[in-house]
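Worksheet: one structure, shown below.
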Amino acid sequence: MKGELIGVYAIWLRDIKRYYRDKPRIIGSFAQPILFLFVLGTGIASSLGFKGGGGGDYLNFMFPGIIGMTVLFTSFFSAMSIVWDREFGFLREVLVAPVSRTSIVVGKILGGSTIAMLQGTIILFFAPLLKIPITFTAFFKVMGIMFLAAMTIAAMGIVLASVIKSMQAFQVITNFLLMPMFFLSGALFPLNDTVKWMNVASKINPLTYGIDAMRLVILGNSSMQLYPLWLDMVVLASVTVAMSILGAVLFSRQD
């Protein structure tokens with residue numbers, strides 16, 4: 001057990017160090033959410049005069065969705081390193097290490113989730129600019145939700161990375177999946193009055209539950225809530241466990 005924990009820690013630490021040393025990645029990772037929030041959000045709010053549900057300001061409504069977008073892209077792309085390591089031969093060295101494949105998967109999930117949570121937390125510091133009060137308790141609740149949502153998405157990414165062999169194919173499929181997941185999560189518009197097929201698609205989208213939970217905790221407005229907080233947590237935890245098990249099974253077949 002000690003050896004397995006060391007293996008998990010080593011994989012986690014490698015991902016954290018790679019992220020810390022890649023300064024352009026750190027800076028660039030905030031450009032997209034800031035662009036969406038302050039350019040797209042301001043443009044939509046001013047042109048449509050939209051109020052983000054419950055009489056709140058649209059930027060306030062959109063803010064948890066932008067945090068969710070940060071978590072989505074960061075955690076999912078962390079799985080890309082598996083494809084990258086496979087192409088450059090580093091994965092072969094990891095696979096012959098004296099630890100189980102499950103420990104490698106757990107380390108990758110925790111590494112990607114930690115990075116996604118850190119980036120989402122930095123976006124959370126923009127809350128005062130939108131005049132959103134964040135209490136000490138709410139701050140750490142949101143961090144926990146971000147970490148759980150990031151684990152869900154990272155596990156899904158590892159499942160894909162275990163069956164997709166080339167970087168080009170992974171990028172194409174990633175773009176095909178991530179944008180629909182983002183737009184159908186309720187990040188940019190309420191899902192209460194959408195057409196039936198969008199409503200169904202949002203219910204099978206795990207990101208919907210993460211953003212729904214963060215919106216309740218950050219804004220404290222239950223009128224914007226789609227599901228009870230406990231249901232959001234149960235769905236995210238269940239998908240995380242299912243995807244982690246599937247990822248471990250698929251990754252164990254790597255050669």
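Each value in this text was obtained by applying a stated rule to the coordinates, not by laboratory testing. Keep in mind that what you see is a predicted model, and the values were worked out from it rather than measured. Positions of Cβ are backbone-derived with ideal geometry, glycine not excepted, and every protein chain shown enters the neighbour counts.
I need the shape label for region 62-201. Rule: rounded when a/c is under 1.5, else prolate if a/b > b/c, else oblate, with a, b, c from the alpha carbon gyration tensor.
Taking the square roots of the gyration eigenvalues as a ≥ b ≥ c, region 62-201 is oblate.
Tell me whether region 118-255 comes out rounded, prolate or oblate; compute the Cα gyration tensor, take square roots of the eigenvalues as a ≥ b ≥ c, and use a/c under 1.5 as the rounded threshold.
Verdict is prolate for region 118-255.
Gaussian network model of the chain, Cα springs within a sub-10 Å range: biggest mean-square fluctuation belongs to which of LEU110, LEU148, LEU231?
Its mean-square fluctuation being the largest, the pick is LEU231.
Past 28 Å, Cα to Cα, is the threshold; run LYS131/LYS196; LYS2/LYS165; LYS2/LYS108; LYS108/LYS141; LYS2/LYS23 against it and keep the listed order.
As for pairs spanning more than 28 Å Cα to Cα, those are LYS131/LYS196; LYS2/LYS165; LYS2/LYS23.
When the chain is treated as a GNM, springs tying every alpha-carbon pair under 10 Å, which of ALA149, ALA79, ALA237 comes out with the largest mean-square fluctuation?
Judging by the Gaussian network model, the answer is ALA237.
Considering only PRO206, MET156, SER252, whose Cα is most displaced toward the positive end of the charge dipole of region 150-255, charges sitting on Cβ of Lys, Arg (+1) and Asp, Glu (-1)?
My answer, from the dipole projection, is SER252.
Treating only the Cβ atoms of Lys and Arg (+1) and Asp and Glu (-1) as charged, compute the dipole magnitude of the chain about its Cα centre; round to the nearest 20 debye.
I would put it at about 320 debye.
Volume per residue, Å³, of the convex hull around the alpha-carbon atoms of the chain?
In the chain, the Cα hull volume divided by residue count equals 134 Å³.
Enumerate the amide H contacts of TYR227 below 5 Å, restricted to partners 5 or more residues apart or on another chain; note that Pro and chain-start residues carry no placed amide H.
Those qualifying (amide H under 5 Å, at least 5 residues apart or on another chain) number zero.
Which whole-Hz couplings ³J(HN,Hα) result when phi for each residue of region 37-42 is put into the Karplus expression 6.51 cos²θ - 1.76 cosθ + 1.60, θ = phi - 60°, listed in order with x for Gly and Pro?
Running phi through 6.51 cos²θ - 1.76 cosθ + 1.60 with θ = phi - 60° gives 6, 8, 9, 5, x, 5 Hz.
In a GNM of the chain with a 10 Å cut-off on Cα contacts, which of GLY28, GLY220, GLY186 has the highest mean-square fluctuation?
Its mean-square fluctuation being the largest, the pick is GLY28.
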